[in-house]
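Right, one structure below, let's go through it.
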Amino acid sequence: MVKKTKKVLKKTQKKAAKPAKKANKREAKPLITKQMLIGDIAIKYPKAVPIMFKHGMHCIGCGMTAYESLEQGCVGHGMSEQEIDAMVEEINKEVSK
């Protein structure tokens with residue numbers, strides 16, 4: 001009887017631990033990535049637009065935003081990889097509030 005109780009307890013503990021791990025993974029995933037289209041970001045996350053303006057990305061109304069990723073647009077405006085990463089991090093902080 002004790003062995004069965006221990007087995008049931010172990011299974012219950014394992015099941016209870018799994019959802020917590022999955023929740024942590026979801027929280028760590030950024031909302032905005034460099035591969036997302038500029039137009040999609042502007043539509044889904046309007047709070048991102050002022051941050052993009054602040055970093056020199058004034059092309060929100062441009063027709064290419066429907067086809068160009070955030071990284072492509074930033075490179076086209078002469079931004080370095082570090083500047084792009086900093087902007088994406090700032091955007092994610094703002095939109096996750």
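Readers should treat all values here as calculations from the given coordinates under stated rules, not as data from a laboratory. Being a predicted model, the structure only gives us computed values, none of them experimental. Note that each Cβ is placed from the backbone with ideal geometry, even for glycine, and that neighbours are counted across all protein chains shown.
Annotations for the structure displayed:
- Burial ordering of K97, K34, fewest other beta-carbon atoms within 10 Å first: K97, K34
- Taking E83, E71 and counting other C-beta atoms within 10 Å, the order from fewest to most: E83, E71
- The alpha carbon gyration tensor of segment 38-95 gives principal lengths a ≥ b ≥ c with a/c of 1.5 or higher and a/b no greater than b/c, which makes the shape oblate.
- Total formal charge among the other residues, if their Cβ is under 15 angstrom from that of G76, Lys/Arg +1 and Asp/Glu -1: -3
- Dipole of segment 37-97 computed with +1 at Lys/Arg Cβ and -1 at Asp/Glu Cβ about the Cα centre; of M57, S96, M79, farthest Cα towards the positive end is S96.
- Residues of type aspartates and glutamates that K97 reaches as a straight line, Cα spacing below 17 Å, ignoring anything fewer than 8 places off in the same chain: E27, E89
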